[in-house]
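One structure below.
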Amino acid sequence: MGRYADVVRQVLPSDADRVLNDATWPALTTTIAKAETADHNPRRLLTKLSAERELETAKSPAQVLIWRVTAQPNKRQAAAAVRSTSPGTARASTTSATISNVASSQAVQEERHRRRGR
């Protein structure tokens, strides 16, 4: 399954089997890989995201994690925008924008995949 599966097993031991057997697991690995290219550590990212709320009640835990990865940059980006409009603040990091672009790119790819499956 790969190194991301190992990370999931270590970070989410009680939810690992459900995440790894989820139909959207391949999309989660893509999301994690893209976040990693934007300088996010997969272990730290999954640890942080898993602490937000439990995954036990999720029908698709991998999809929930994808949403959390892609939603987090939007929260950070909004906070950065507020900070950047305040006098005397430093320029906001482009990491949030990079992951947002990753998220939109992934959404487009998933939509193309769904259309091909019809």
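FYI, it's all coordinate maths here, none of it is from the lab. Note that this is a predicted model, so its numbers are computed, not measured. No Cβ is skipped: glycine too gets one built from the backbone with ideal geometry, and neighbour counts run over all protein chains shown.
If packing is taken as the average count of other Cβ atoms within 10 Å, what order do 48-60, 22-34 fall into, highest mean first?
Peptide ranking by packing, descending: 22-34, 48-60.
Which whole-Hz couplings ³J(HN,Hα) result when phi for each residue of region 26-40 is put into the Karplus expression 6.51 cos²θ - 1.76 cosθ + 1.60, θ = phi - 60°, listed in order with x for Gly and Pro?
x, 5, 5, 4, 5, 5, 5, 4, 5, 5, 5, 5, 8, 6, 9
At 7 Å along the Cα-to-beta-carbon direction for both Lys48 and Glu36, put a label point, then send me their distance in nm to one decimal.
My value for the distance between the label points is 1.7 nm.
Please turn the phi angles of region 55-67 into ³J(HN,Hα) values with the Karplus equation 6.51 cos²θ - 1.76 cosθ + 1.60 (θ = phi - 60°), one per residue in order, whole Hz, x for glycine and proline.
10, 4, 8, 6, 5, 10, x, 5, 5, 4, 5, 4, 4
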